Amino acid sequence: MNKNLIIGTISLLLFVSACSYLPDPHEPIPDVMITETADYIFLKSAENTSSETLFLYYPGGLVDPHAYISMLNGVVKSGYPVLIIKVTGNLAIANVGKARKIVEEFTEFNHYVLGGHSLGAAVSCIAAARDKQIFDGLVIMAGYPTENASLADWDQGTLLVFDASHDEIINRLKLEEAKAFFPQIERVDLTEDLEEPTAGKTIWVEISGGNHSQYGDYGFQHGDGEATISMEMQHELLRDFMLEFFKVNGW
């Protein structure tokens, strides 16, 4: 078989099996300022601009970064600037060091929190493990660290893990094995308030009825479970608990 044909076939299979559904161009969002470059999409509240915390976000594999704007704009409107990182070929693994470079560009902030979805969550773990002194925390959606990027001894940092009950894309066996690479895990219900800073801990939250696809807005991903809550509800739950997590940690 022709070598180029083999490469093309493999690429197509990877495209089909991963998060590969691209949204239409995003409409302007009221009260949100959007700055887009070749490297990122920067979202900032037009009214509340006093935050000292920047939230950086790695997209899932082969997902257009614009697909996360609708999920994250509630965080932005609450006063937290968000920067969605654009990555080569929409594969975050190709740009592990990009978060650090962006932090070096956006020096006006005092706190930097990193996050991501699926492959982007795994890459955010690698980036944080490499530069623990730079990042204050991690927000992981449908992902986990590996032994080579263990965060188990990250005493100064803290993790927020979202686990959707109907997510059938994530490898549950590997997720269970990866628990050894998290800081101390504390399971928390979505309805609970966090009463004290969570440094040195992993706050683990289940999104009941949610699935893998609805962390973003890119359509239903083949192989995923059927959600029993709407995408809008999943986004609202994510937003509200992220804000709780940010505020209790003084960000």
- prompt: For the peptides 54-67, 162-175, 80-93, what is the packing order when you average, over each peptide's residues, the other Cβ atoms within 10 Å and list the highest mean first?
  reply: 54-67, 80-93, 162-175
query: Considering the alpha-carbon set of the chain alone, what are its Rg and its Dmax in angstrom?
result: 17.3, 61
- line: Taking a crude spin-label model, label points 7 Å out from Cα along the C-beta direction, the MET33 to ASP153 distance in nm is 4.2
- request: Measure out, as a whole number of angstrom, how far apart the alpha-carbon centroids of region 176-251 and region 62-123 sit.
  value: 17
task: Can you tell me the FRET efficiency between GLU168 and GLU192 if r is taken as the Cβ-Cβ distance and R0 is 25 Å, rounded to the nearest 0.05?
output: 0.45
message: Using the Kirkwood radius over C-alpha pairs as Rh, can you work out the diffusion coefficient of region 40-189 via Stokes-Einstein at 37 °C, viscosity 0.692 mPa s, in µm² per second?
response: 212
- line: What helix-only [θ] at 222 nm does the chain give? Using -39500 (n - 2.57) per DSSP H run of at least 4, over all residues, to the nearest 500, the answer is -8500 deg cm²/dmol
statement: Zone reached by a paramagnetic label modelled 7 Å from GLU52 Cα along Cα→Cβ, restricted to region 221-251 with backbone N below 15 Å, covers 247-251
Gyration tensor (alpha-carbon) shape descriptor, region 166-251, a/c threshold 1.5: oblate
In Å, descending, principal axis extents of the Cα set of region 174-220: 36, 27, 15
message: What's the ranking of 202-212, 145-155 by average number of surrounding C-beta atoms within 10 Å, highest first?
response: 202-212, 145-155
query: Based on the Cβ-Cβ distance of GLU105 and GLU236, what FRET efficiency does E = 1/(1 + (r/R0)^6) give at R0 = 35 Å, to the nearest 0.05?
result: 0.65
task: Can you work out the accessible area per residue across region 79-195, with the rest of the protein chains kept in place, probe 1.4 Å, in square angstrom?
output: 45
query: Residues of region 198-247: accessible area per residue at 1.4 Å, in Å²?
result: 38
Share of carbon and sulfur in the accessible heavy-atom surface of region 142-232 [1.4 Å probe, %]: 44
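The values are calculated or read from the model by the stated rules, or taken from the named source; none is laboratory data. Everything numeric here is computed off the predicted structure, so don't read it as measured data. So basically every Cβ, Gly included, is an ideal-geometry build from the backbone, and we count neighbours across all protein chains shown. The protein model used for the area step is the full one, side chains on, heavy atoms only, and it has no ligands, DNA or RNA in it. Shrake-Rupley method; radii C 1.70, N 1.55, O 1.52, S 1.80 Å.
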